[in-house]
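Participant: This is the structure I want to talk about, given as structure tokens.
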Amino acid sequence: MTLPATEIGSHGPAEPELAPVENREVTGRSPLRIAFERLRRDPVAVVSFLIVLVFVLIAVFAGTIAKFFGVTTDTVSASSVLEFPSMLPKTGPPNHGFDSNHPFGIAPQSGEDNLATWLFGARTSLLIAAIATFAATFIGVVLGLIAGYAGGVWDRVISFVTDLFLTIPFLLAALAMAPIIADRFGTDPDRYAEVQFYGVIFILTAFGWMTMARLIRGEVLSIREREFVQAARVIGVPTRKILFREILPNLVAPIVVAVSLGLPAYVAAEAGLSYLGIGVTGRPSWGQTIDAATKWFNIYPLYLWQPVIGIVLLVVALNLLGDAIRDALDPKTRR
Amino acid sequence: MRRSKAMAAVVGVGMFALAACGGGGGDDDDPGVQDTFKEGGAAGSGKDPEAQGPAPEIEGAQEGGTITMLHPDPDAGPDSLDPTSGWSVTDNGILQNLVFRSLTTYRMDQETGEMVLVPDLATDLGQPNEDFTEWKFEIKDGIKWETGDPVTADDIAFGIKRSMDTKDLEGPGAQYSKEFFLGGDKYEGPYVSGEDFEGVQVDGNTITIKMAKPFPEMDYWGAFMAMGPVPSGPAGSPPQYGLKPLATGPYKVESFRPNSELVLVRNDQWDPATDAARHQYVDKWVMKFDQDPAASDELVMSGNEESKTTIVTQLQGSNYQTATQDMGDRVMVGSQACTSFWYPKYDKIKELEVRQALAFAYPYEDAWSAAGEIPGVTRTMGTNILPPGMAGREEYQPVEGEEIGRNPEKAKELLEAAGYGPGDYEIAWAYDASTPEGKAAMEQIKLGLEEAGFKTKPYPYSAGSLYDVWTDPDNPIYKKINVAGVAWCSDWPSGATFIPALFQSDQLYNTGGFSEASIDERIKAVTSMPLEDQPGEWNAIDQEIMTNYFPVVNTGYLNNLFAYGENIGNFTNDSAQGYPNLRDMYVVQ
């Protein structure tokens, strides 16, 4: 069968035009540097980065900021700041005007200061998300590298374990495991909060590394067959060196992208766990505030808006930043 | 006591109270609250053996209509309708009042709002012999099953024998029938031990119950649906009978999904002339369980067509302000006849002064509020062990010269009298760490105790009910705490259902391990006293325990917060059961 001549003609790549030769000085720039330049020129990326930076500063300096506003997370006697039987604050919203001693108001029922809770909640969110992301990335990269490069039995075992973990429903596992961890290791009340905190990180990590492992394994499989790796093997470069010097640098882009998109997912997941009552309770967190505030939304909407806005802003900013990083590192998907 | 599901419903809620908190100083001067309490009336200390059917007409009552009752989570309702196993507030509140008849029952005195014990299946409240070791109940004629067949004395005796079965049917019988009936320790119910039982004998229309020891409160126990008829043979065998039981009361089961929904419709075989307590005004009842609390509140507050005939059995504290503004009188506080306690371990906290100091250190209102209970509304302050409405109860002050309540200075004084400076004495207790409320309440208690000169060590527990910690010596936290807790509800308005279980030596729910030989003896002696002296004696024991030993901190009486639609007529609280009084309710057309 033959095709019409016109069709045949359209199939070939267009003859590239010869670029006019310029006498410009050629500077060597690494791919990451190029990507960074692109990022800097992307307004969305800059704005999201600034927002994330603000949240990071809030998380790091939560104590100082709280002191500046004169608020603390210390327990105050509920009856001293709340009216009964409504259990609503004596000063500030929703029944009274703005109270400069408590800029974000006071929580009903417990009488805690909302601003202090919010500030330290940001710290909890970011800390858990950051540690979990780092741990999951580390595990995922290591296993992905081994599976992809070693192949054979290693690959089959690791791939099986990865698939196994992917089949376990995250929420169900978290619901079952959180109390077990807390009660198995938390019999000493002084360490309970700590155990709970690391328990949440453990759960997030244990069910978060699989996508990274799969991604890295796939990348390694293709890089392994590339000429420079083949050449290194032929000339007898040790495996360790091949992995760290030849393959890993080529994985930086996908890792950075996965991390930047994983971080907001962990922030949301942590809040979700707290909301379900299986997250941290030893320290303030946004998820806990949301859980407590939903039933007050009718008469005290501000109480719920604070943590919700915090989470939405942070997650959206992190996601947009992640998108921008991916676009910058991988020009093929550029919008 | 009401255990099992009652513990889930009442104590599930009470749990927070315990984990959390105590009795609050008091909005006792709040007129609204006070009035509704009066409306709630006493918990049934009166008796009327002469009461005859039909029950007095309710003024303005109308026939027809459907009432929907929403029971918010954690009230999961009945998983079985078997009359023998019913022991929770919700199960009893629905089934005893609408579906099953028993030897005796309660009727609301429409003038005073008091619950009065009246005959139901029996012609009177029973004829005891002199020392209460034998009771005779004569059964009325004309009682029918929903099928139209007559209910015989044999059917009722079979039901009573069934309450002895603790293998197939877990219920209150284990506490009362097994304990008091002659041969109860050996007899395991008709399915296991056969129908021949020396404790329950039928002669024509008369049922004779013989006791192993004096049981002067058999008439109250007769008000449980376990003391009513069950068809013998395969028709009534558990567990199938629990899904489709035969009604004897004014309503029968149309459909039932365990822990989810129960629909009741008129039973045309019920004869009002034989029933001194119940009415049949409403056409249909739709009971929904385990509902989303927020959604239930929204519905009843919305004022739409559906909400007009809807009742919510527990309004959330966060909606109290809005609901009272929008609905006014249609938000009602009802006494549950329950008390929650902080129970210091008697062998660890030995000094009377320290136990008293705890009662002055405990931040009642703060802890209630943090736990989500409305101070002065769903929790009220008190000093008596017995909750309001119990027979013979009289207020007293257990600590001379000082009213019990939050008073850090007094606590410090008492600690000093016991030889402890500020920060010397450590209080260790377990709290529910699985909810933010549990933790918030713990922080309020911690702060309160520290302000009053105690050192604190709260132990978090999130693996289940706090009763695991309080009652199980193998629990790792059990040995570390020096304050346990318990929440208790009365089965009928007598100290007999309250004080022995909590303050006799070696009882399961005596979580603080209180043990005094003189009190044990005094408790044992009550049942052999003349009937009319017993209520006063229970109150005297209550007072003696608290005044001389102060073994518990009363962390508040539990109250329900009902809300109902505008077309519900004659909504009242049945304080004997801690549930809306469904017998006299109607729909305004």
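Participant: Using a 1.4 Å probe and counting only protein heavy atoms, arrange A:His96, B:His71 so the residue with the most accessible area comes first.
Facilitator: A:His96, B:His71
Participant: In a GNM of chain A with a 10 Å cut-off on Cα contacts, which of A:Gln288, A:Gln196, A:Gln230 has the highest mean-square fluctuation?
Facilitator: Judging by the Gaussian network model, the answer is A:Gln230.
Participant: When only Cα pairs under 8 Å and 6 or more residues apart are kept, what is the percent relative contact order across region A:122-320?
Facilitator: Working: 224 pairs, mean separation 57.8, N = 199.
RCO, region A:122-320: 29 percent.
Participant: Could you tell me the distance between the Cα centroids of region B:361-388 and region B:522-575, to the nearest Å?
Facilitator: First find each Cα centre; the distance between them is then 16 Å.
Participant: Non-local amide H neighbours of A:Glu112 (under 5 Å, H modeled in plane, Pro and chain starts lacking H): which ones?
Facilitator: The answer is A:Ala107.
Participant: Quick one: which of B:54-66, B:435-447 comes out on top by average Cβ neighbours within 10 Å, and what's the full order, highest first?
Facilitator: Result, highest mean Cβ count within 10 Å first: B:435-447, B:54-66.
Participant: For region B:392-402, just list the computed ³J(HN,Hα) in residue order, Karplus coefficients 6.51, -1.76 and 1.60, θ = phi - 60°, integers in Hz, with x standing in for Gly and Pro.
Facilitator: Going residue by residue, I get x, 5, 9, 5, 8, 10, x, 10, 5, x, 8 Hz, with x marking Gly and Pro.
Participant: Moving to a separate point now. Would you grab the residues whose amide H sits under 5 Å from the one on B:Gly389? Only those 5+ places off in sequence or on another chain, please, with H modelled 1.01 Å from N.
Facilitator: Under 5 Å from the amide H of B:Gly389: B:Ala43.
Participant: What is the mean number of Cβ atoms from other protein chains located within 10 Å of the Cβ atom of each residue in peptide B:453-465, rounded to a whole number?
Facilitator: Across the residues of B:453-465, the mean count of other-chain Cβ atoms within 10 Å is 4.
Participant: At B:Met529 and B:Thr152, where each label point lies 7 Å from the Cα along Cα→Cβ, what is the point-to-point distance in nanometres?
Facilitator: A separation of 4.3 nm, rounded to one decimal place.
Participant: Express in whole angstrom the spacing between the alpha-carbon centres of region B:451-470 and region B:316-357.
Facilitator: 18
Participant: Suppose R0 equals 30 Å; then what is the FRET efficiency for A:Val234 and A:Ser159 from their Cβ-Cβ distance, rounded to the nearest 0.05? Provide the component values of the computation, followed by the final result.
Facilitator: Values: r = 27 Å, r/R0 = 0.91.
That gives a FRET efficiency of 0.65.
Participant: Could I have the simple spin-label model distance between A:Val316 and B:Tyr396, label points 7 Å from Cα toward Cβ, reported in nm to one decimal?
Facilitator: 6.6
Participant: In degrees between 0 and 90, to the nearest 10, how far off the longest principal axis of chain B does helix B:352-361 point, with axes built from Cα atoms?
Facilitator: With both axes taken from Cα atoms, the answer is about 80 degrees.
Participant: Here's another thing I want to ask about it. On a 0 to 90 degree scale, rounded to 10, what angle separates helix B:436-451 from the longest Cα axis of chain B?
Facilitator: Roughly 40 degrees between the two axes.
Participant: Counting only residues 5 or more places away or on other chains, whose amide H sits under 5 Å from the amide H of A:Leu88 once H atoms are built in the peptide plane?
Facilitator: Here the answer is A:Glu83, since their amide H atoms fall under 5 Å of that of A:Leu88.
Participant: Right, another one. Short version: ³J(HN,Hα) in whole Hz for each residue of region A:302-317, in order, from phi by Karplus 6.51 cos²θ - 1.76 cosθ + 1.60 (θ = phi - 60°), x for Gly and Pro, what are they?
Facilitator: Those phi angles translate into 4, 4, 7, 4, 4, x, 5, 4, x, 5, 4, 4, 5, 5, 5, 4 Hz.
Participant: On the protein heavy atoms, probe 1.4 angstrom, tell me the percent of accessible surface of the protein assembly as shown carried by carbon and sulfur.
Facilitator: Heavy-atom surface of the protein assembly as shown belonging to carbon and sulfur, 1.4 Å probe: 55 percent.
Participant: Among rounded, prolate and oblate, which fits region A:122-320 when a ≥ b ≥ c are the square roots of the eigenvalues of its C-alpha gyration tensor, a/c under 1.5 means rounded, and a/b larger than b/c means prolate?
Facilitator: On the way: a/c = 2.97, a/b = 2.06, b/c = 1.44.
Verdict is prolate for region A:122-320.
Participant: Give me a comma-separated list of calculated 3J(HN,Hα) values for region A:276-284, in order, Karplus coefficients 6.51, -1.76, 1.60 applied at θ = phi - 60°, integers in Hz, x for any Gly or Pro.
Facilitator: Values per residue, Gly and Pro as x: 7, x, 10, x, 6, 10, x, 9, x Hz.
Participant: Report the one residue of B:Ala501, B:Met546, B:Ile481 whose Cα lies farthest in the direction of the positive end of the charge dipole of region B:440-589 (charges on C-beta: Lys and Arg +1, Asp and Glu -1; origin at the Cα centre).
Facilitator: With unit charges placed on the Cβ atoms, the residue in question is B:Ile481.
Participant: Mind giving me the nanometre distance, one decimal, between the label points for B:Ser237 and A:Leu171, set 7 Å out from Cα along Cα→Cβ?
Facilitator: 4.2
Participant: While we're here: What 222 nm value per residue comes from the helices of the protein assembly as shown, counting each DSSP H run with n ≥ 4 as -39,500 (n - 2.57) and dividing by all residues, nearest 500 deg cm²/dmol?
Facilitator: On the way: 31 runs with 365 residues, N = 924.
Taking each H run of at least 4 residues, the total per residue is -12000 deg cm²/dmol.
Participant: Ordered by packing density, taken as the mean number of other Cβ atoms within 10 Å over each peptide's residues, highest first, how do B:497-506, A:68-77, B:360-369 rank?
Facilitator: Sorting B:497-506, A:68-77, B:360-369 by mean packing, highest first, produces B:360-369, B:497-506, A:68-77.
Participant: Determine the sum of side-chain charges near A:Pro284: Lys and Arg each +1, Asp and Glu each -1, restricted to other residues whose C-beta is under 13 angstrom from that of A:Pro284.
Facilitator: Overall, the nearby charge balance is -3.
Participant: Check the straight Cα-Cα distances from A:Lys67 and name the aspartates and glutamates below 13 Å, setting aside those fewer than 8 residues away within the same chain.
Facilitator: Within the straight-line cut-off, A:Lys67 pairs with A:Asp113.
Participant: Just name one of A:Ile131, A:Pro301, A:Leu145: the one whose Cα is farthest towards the positive end of the charge dipole of region A:122-320 (beta-carbon charges, Lys/Arg +1, Asp/Glu -1).
Facilitator: A:Leu145
Participant: Sticking with this structure for a sec: Compute the label zone of B:Glu59 within region B:546-589: residues whose backbone N is under 20 Å from the point 7 Å along Cα-to-Cβ.
Facilitator: Of the residues in region B:546-589, B:567-574, B:581-589 have backbone N under 20 Å from the label point off B:Glu59.
Participant: A further question follows. Over all residues in B:444-450, what is the mean tally of Cβ atoms on other chains that come within 10 Å of each residue's Cβ? Please report the intermediate quantities before stating the final value.
Facilitator: Numbers: counts 8, 1, 1, 5, 4, 0, 1.
Neighbouring Cβ atoms belonging to other protein chains average 3 per residue here.
Participant: Which percent of Cα-Cα pairs in chain B sits in each 20 Å bin, short to long?
Facilitator: Whole-percent P(r) values from 0 Å outward: 21, 54, 23, 1.
Participant: Moving to a separate point now. Is there a simple number for the mean count of other chain Cβ atoms within 10 Å of the Cβ of residues in B:432-439, and what is it?
Facilitator: Details: counts 0, 11, 6, 5, 12, 4, 2, 5.
What the average comes to for B:432-439 is 6.
Participant: Give me the accessible area buried between chains B and A, both sides summed, with a 1.4 Å probe, in Å² rounded to the nearest 100.
Facilitator: 2800
Participant: First check a/c for region B:208-272, with a ≥ b ≥ c the square roots of the eigenvalues of its C-alpha gyration tensor; if it is under 1.5, answer rounded, and if not, answer prolate when a/b is larger than b/c or oblate otherwise.
Facilitator: Judged from the Cα gyration tensor, region B:208-272 comes out prolate (a/c at least 1.5, a/b above b/c).
Participant: When ranked by the protection proxy of mean other Cβ atoms within 10 Å per residue, highest first, what sequence do the peptides B:313-322, B:165-174, B:77-86 form? Present the calculation step by step, with values, prior to reporting the outcome.
Facilitator: Working: B:313-322: 23.5, B:165-174: 20.4, B:77-86: 25.5.
Going by the mean number of other Cβ atoms within 10 Å, highest first, we get B:77-86, B:313-322, B:165-174.
Participant: Given all pairs of different Cα atoms, what value in angstroms does the Kirkwood hydrodynamic radius of the protein assembly as shown take?
Facilitator: It works out to 31.4 Å.
The values are calculated or read from the model by the stated rules, or taken from the named source; none is laboratory data. Remember, predicted model here, so these are calculated numbers, not experimental data. Neighbour counts are summed over all protein chains in view; Cβ atoms, including those assigned to glycine, are modelled from backbone coordinates with ideal geometry. For accessibility, only protein heavy atoms count, side chains too; no ligands or nucleic acids. Shrake-Rupley method; radii C 1.70, N 1.55, O 1.52, S 1.80 Å.
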